[in-house]
Each structure stands twice: as C-alpha cells, then as structure tokens.
Amino acid sequence: MADQQTYHGSCHCGAVAYEARSAPITQAMSCNCSICRRKGTLLAFIPASDFTLTAGEDALIDYQFNKHVIHHLFCATCGVTSFARGSKPDGTPMIALNVRCIDEIDPDAITINRIDGKSF
Ligand SMILES: [Zn+2]
C-alpha cells in the first residue's frame, strides 16, 4: 500500500528491536486493565505479518496471566515492554505495539483512546 510506513521500535537497552509496517499511526489505546495501567503502555495493533523482530527473540521474557491469550513480553535486561503478541478472535496473529517505544512516534502528538479493558 502506498501510504504504508515503516516504524522502528526498541526496548531501552536495545537488545530488543523491531520494524513494523502500518498505515500512519495517529492514535493509540490507553487501557485500564490490571497490566496496562501498571505499565503505562500506549498500544496500536497490526497483523503479525507486518511485524519483523530484528533483534532480541532470546532477550524476551514472556509473562502470561488470566486466559493466557496475550504474550506480555519484556526485555530481560532493561524490563521494557516494547510490544506484545496476541491474536484476534478469528485466530489471526496480531502484534500490540507499544507506541512509546517507537522512534517515529511522539506519544504526546497522537490521539489517545481510553479503553475500559478492566471490564472486558
Ligand atoms: Zn532491553
């Protein structure tokens, strides 16, 4: 697609790095569920096929809870969650990007949608 952009994300220490292809990301989700409220992640979702982990598969620690449908990943060295792995209800693998970790995105310049994940 013509308006696809490539975004570059990473954890703080740089062990984990990725490229994500998406239409321009102009909004992100702020969720009040038990993990998002603690981490402060701002999430945008893309199909896993548009995501390439360029470094750090071995550096990721996988944290799961509740129904174990989402892989909450964080860097073993610096602890930063730069993305998570999950899937849509139809089974399509999805990536939740933490836009706070993406070079090209200013979190203060995009629209934040507050999601009541606590009630899901
Ligand atoms: Zn790190």
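For this structure, a couple of remarks:
- Checked against the criterion of being buried (at least 18 other Cβ atoms within 10 Å of the Cβ), in contact (Cβ under 8 Å) with a residue 12 or more places away in the chain, part of a strand (DSSP E or B) and not β-branched (V, I, T), region 74-81 has at least one qualifying residue.
- Total residues in region 82-120, condition of a type in the set (G, A, S), open to solvent by 40 Å² or more (accessible area, probe 1.4 Å) and under 14 Å from A44 (Cα atoms): 1
- Residues satisfying the stated conditions in region 64-91, i.e. of a type in the set (S, T, Y) and modelled with pLDDT of 95 or more: T77, T81, S82
- Candidates are the residues of region 49-58 that are within 16 Å of the ligand (Cβ to nearest atom) and not in a strand (DSSP E or B); the one that is most open to solvent (accessible area, probe 1.4 Å) is D58.
- Region 62-120 - residue that is within 19 Å of D50 (Cα to Cα) and of a type in the set (S, T, Y) and, of those, nearest to the chain's Cα centre (by Cα): S82
- When R100, R85, R114 are checked against the criterion of being touching a Pro at 6+ places or on another chain (Cβ under 6 Å) and among the charged types (D, E, K, R), R100 stands alone in meeting it.
- Search result, residues across region 7-43 that are farther than 14 Å from T111 by Cβ, open to solvent by 40 Å² or more (accessible area, probe 1.4 Å) and in a strand (DSSP E or B): H8, E19, R21
- Inter-residue pairs, beta-carbon under 6 Å, first free of Cβ contacts under 8 Å to residues at least 60 places away in the same chain and in region 30-50, second surrounded by fewer than 16 Cβ atoms within 10 Å (Cβ to Cβ), 6+ apart: A48/P93; D50/R21
- Checked against the criterion of being at positive phi and within 16 Å of the ligand (Cβ to nearest atom), region 99-114 contains not a single residue that satisfies it.
- When I61, I46 are checked against the criterion of being within 16 Å of the ligand (Cβ to nearest atom) and assigned to a strand (DSSP E or B), I61 stands alone in meeting it.
- Put simply, of I70, I61 the only residue that is over 17 Å from C31 (Cβ atoms) and open to solvent by less than 80 Å² (accessible area, probe 1.4 Å) is I61.
The values are calculated or read from the model by the stated rules, or taken from the named source; none is laboratory data. Being a predicted model, the structure only gives us computed values, none of them experimental. Reconstructed Cβ throughout: ideal geometry from the backbone, glycine too, with neighbour counts over all protein chains shown. Surface areas here come from the heavy atoms of the whole protein model, side chains and all, with no ligands, DNA or RNA. Shrake-Rupley method; radii C 1.70, N 1.55, O 1.52, S 1.80 Å.
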